[in-house]
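Novice: Okay, handing you the structure first.
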Amino acid sequence: MGKGAFGKVHCIRENSTEKMFALKILEKNFVLQKSKSTINSLLQEKEMLTMFSHPFVVNLLASTQDEDKLYLVLDLKLGGDLAFHLPEHGWKEESTIQFYMANLLIGLQYLHSKRVIHRDVKPGNILLDERGYAAWTDFNLSTTIGPEGFLTRNCGTPLYEAPEVYKKAPYDFKADYWSLGVMMYEMMFGRVPWWTKDNELRKDIDYFEGNLPDHLRKVGDQPRSLHRAVLSEKLPSLPSNSFSQACVDFLNLLCAPQKSRLQDFQQAKEHPFFKGLNWDDILLKKAKAPIQPRTDQANVSVE
């Protein structure tokens, strides 16, 4: 089905039930050549997966190993990742954005209830099942937040990282909400907030004017400009006004300064953007998903 940084993923069938699963095979020799932190990250991800059992998370169902390989049996999601389904100019139907934001918020609330922060929220880490429902995957940067209630390690995908993560300032679960807001913006307009349609940094951005932390000064001009854009803690102007005020307000609630950002799942459920949505129907997968993945072809981009 695919090849990742540490191994391959196959589609397998259980003979007794005819059920299909994903089998992730990791080559031990290859993994052991990596840094200690990378190895620890993989082991932590495997351990973390044993905690999960939820319809909007890719769950680990079994694991085993032999002398050369580690085998992980996971939920099979044949619908492709969310990045594959995002059109070039975004989704114009607000109901589609509402549906997938509800999927993601339900799944994220489950992770946070387990004290797990994802830390790499982006469309490529969201998989769709054959019915078009979304599930969280790729937990190699995820970790649990302990009694102290915050973290300081800078990690993730720069375009989606929250300002406080960039700064290596104390951050908590709300960092995932900022990243989810960047992804919502991408659903709306087909690109992340700071890029033009030609993949260049926008000119109309509010930049952070203070001194950059030392670890951000050692990068090139364009990354440094991106850092200053994110550190402003403010989204640039929207490319169009084709969305409702409730939709825009919820986007701005996600991509807000840390103290005024979305606080929790309950606050999201009560927001006007989700007015009239039957959350139980989403959780139980009774509603028809707006995206119906193709069954006659692979739902992946062909390089």
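Novice: Could you please let me know if L128 is farther than 25 Å from C11 by Cα, crowded, with 18+ Cβ neighbours inside 10 Å and in the same structural domain as N278 (by TED's automatic domain parsing)? It would help to see each step written out before you state the result.
Specialist: Numbers: farther than 25 Å from C11 by Cα: no; crowded, with 18+ Cβ neighbours inside 10 Å: yes; in the same structural domain as N278 (by TED's automatic domain parsing): yes.
No.
Novice: Among the candidates V192, V182, V165, which residue alone is within 28 Å of R217 (Cβ to Cβ) and assigned to a loop (DSSP other than H, G, I, E, B)?
Specialist: V192 is the lone residue from the list that is within 28 Å of R217 (Cβ to Cβ) and assigned to a loop (DSSP other than H, G, I, E, B).
Novice: Starting from residues that are over 27 Å from F208 (Cβ atoms), of a type outside the set (A, V, I, L, M) and touching a strand residue (DSSP E or B) at 6+ places or on another chain (Cβ under 6 Å), keep the ones in the stretch 131-168 and report whichever is surrounded by the most Cβ atoms within 10 Å (Cβ to Cβ).
Specialist: Among those that are over 27 Å from F208 (Cβ atoms), of a type outside the set (A, V, I, L, M) and touching a strand residue (DSSP E or B) at 6+ places or on another chain (Cβ under 6 Å), it is W136.
Novice: What's the total number of residues in the stretch 268-281 that are surrounded by 12 or more Cβ atoms within 10 Å (Cβ to Cβ) and either closer than 14 Å to L253 by Cα or in contact (Cβ under 8 Å) with a residue 60 or more places away in the chain (or both)?
Specialist: Residues in the stretch 268-281 being surrounded by 12 or more Cβ atoms within 10 Å (Cβ to Cβ) and either closer than 14 Å to L253 by Cα or in contact (Cβ under 8 Å) with a residue 60 or more places away in the chain (or both): 8 in total.
Novice: Just one of the numbered conditions (1) at pLDDT 90 or above; (2) surrounded by 11 or more Cβ atoms within 10 Å (Cβ to Cβ) is not true of V31; which one?
Specialist: (1)
Novice: Residue under question is K3, and the condition is that it be modelled with pLDDT of 80 or more and loosely packed, with under 15 Cβ neighbours inside 10 Å; does it hold? Full working, then the answer.
Specialist: On the way: modelled with pLDDT of 80 or more: no; loosely packed, with under 15 Cβ neighbours inside 10 Å: yes.
So K3 does not fit the description; no.
Novice: Would you call V300 under 21 Å from the mean Cα position of the chain (by Cα), at pLDDT below 95 and under 22 Å from H85 (Cβ atoms)?
Specialist: So V300 passes the test.
Novice: Right, here's the next one. Tell me, yes or no, whether the stretch 169-176 has at least one residue that is of a type in the set (D, E, K, R), surrounded by fewer than 23 Cβ atoms within 10 Å (Cβ to Cβ) and either in a loop (DSSP other than H, G, I, E, B) or not assigned by TED's automatic domain parsing to the domain that holds Q245 (or both).
Specialist: Yes: the stretch 169-176 contains one or more residues that are of a type in the set (D, E, K, R), surrounded by fewer than 23 Cβ atoms within 10 Å (Cβ to Cβ) and either in a loop (DSSP other than H, G, I, E, B) or not assigned by TED's automatic domain parsing to the domain that holds Q245 (or both).
Novice: Now for a different question. Condition (residue is in the same structural domain as R115 (by TED's automatic domain parsing), among the aromatic types (F, W, Y), in a loop (DSSP other than H, G, I, E, B) and closer than 26 Å to D81 by Cα) applied to the stretch 248-255: is it met by at least one residue?
Specialist: no
Novice: Going by the structure shown, is L61 modelled with pLDDT under 90, part of a strand (DSSP E or B) and surrounded by fewer than 21 Cβ atoms within 10 Å (Cβ to Cβ)?
Specialist: In short, no.
Novice: Go through (1) touching a residue at least 12 places away in the same chain (Cβ under 8 Å); (2) surrounded by fewer than 13 Cβ atoms within 10 Å (Cβ to Cβ); (3) closer than 28 Å to Q266 by Cβ; (4) not assigned by TED's automatic domain parsing to the domain that holds K269 for F52 and report which single condition fails.
Specialist: (2)
The values are calculated or read from the model by the stated rules, or taken from the named source; none is laboratory data. Just so it is clear, the structure is predicted and the values come from calculations on it, not from any experiment. Counting neighbours? That spans all protein chains shown, and the Cβs are built from the backbone with ideal geometry, glycine included.
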